[in-house]
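The block underneath contains the structure these notes are about, expressed in structure tokens.
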Amino acid sequence: MTEEKTRLLFQRRPAPVMADHRPLYKICQFLLILRMASRSGKSSLPRMHLFNWAFKRSDRSARIINAAKSKELRVTAWGFDPALAIALKYGIAEGLVRTVSTGYELTDRGIALADAVVKDKDVFGSEKAILISIGKDITEGMVEAVAKDWEVI
């Protein structure tokens, strides 16, 4: 019995990346959060993750919209997305945002890009609608009140 030598060849092929994990997509989302729903274009990281979490499902965004109207955040916890953290690093590197003592702040360059995204009627329609409904009514104090009860394990 003879054994034939066989070789396996692997060919690298491009793999699609979900839009939600593309850095430019996330960059535009956090620019919209800072421009449309944050006072002075500033936000803490937990607050931006709250909005990012709300963007993912309509029941979550409805909860945040209701919280904004009632001035009481009744969400005990929300997800922290590594894709957002990576996008923030890219945003800093590109000069779109800068870190401040309370979190992140839009730069002039970030404001210009955020304004361009806001004006474009064909992109981020659902996110813009959510942010318009919320306005600037989800405050840092509301987020801090929920986060203070979190335990680090």
Any hit, segment 27-46, residues being at pLDDT below 95 and part of a loop (DSSP other than H, G, I, E, B): no
Answer residue from segment 71-84, given it is farther than 26 Å from Val17 by Cβ and surrounded by 14 or more Cβ atoms within 10 Å (Cβ to Cβ) and is modelled with the highest pLDDT among those: Leu73
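Answer yes or no as to whether Ala85 is more than 16 Å from Ala129 (Cβ to Cβ), free of Cβ contacts under 8 Å to residues at least 60 places away in the same chain and assigned to a helix (DSSP H, G or I).
yes
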Lone qualifier among Glu105, Glu127, Glu144 - being surrounded by 18 or more Cβ atoms within 10 Å (Cβ to Cβ) and of a type in the set (Asp, Glu): Glu127
Close pairs from segment 41-55: first under 19 Å from His21 (Cβ atoms) and touching a residue at least 24 places away in the same chain (Cβ under 8 Å), partner buried (at least 22 other Cβ atoms within 10 Å of the Cβ) and of a type in the set (Lys, Arg), Cβ under 9 Å, at least 6 apart: Asn52/Lys26
Filter result for the condition that a residue is small (Gly, Ala, Ser), loosely packed, with under 13 Cβ neighbours inside 10 Å and closer than 16 Å to Ile33 by Cα, over Ala87, Ala68, Ala116: Ala116
Qualifying residue in segment 133-143 (condition: assigned to a helix (DSSP H, G or I) and more than 17 Å from Ala37 (Cα to Cα)): no
Subset of segment 5-61 (residues that are among the hydroxyl-bearing types (Ser, Thr, Tyr) and either touching a strand residue (DSSP E or B) at 6+ places or on another chain (Cβ under 7 Å) or under 15 Å from Gly125 (Cα atoms) (or both)): Tyr25, Ser43, Ser44, Ser58, Ser61
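The values are calculated or read from the model by the stated rules, or taken from the named source; none is laboratory data. It should be emphasised that the depicted structure is a prediction, and the values quoted were computed from it without experimental measurement. Reconstructed Cβ throughout: ideal geometry from the backbone, glycine too, with neighbour counts over all protein chains shown.
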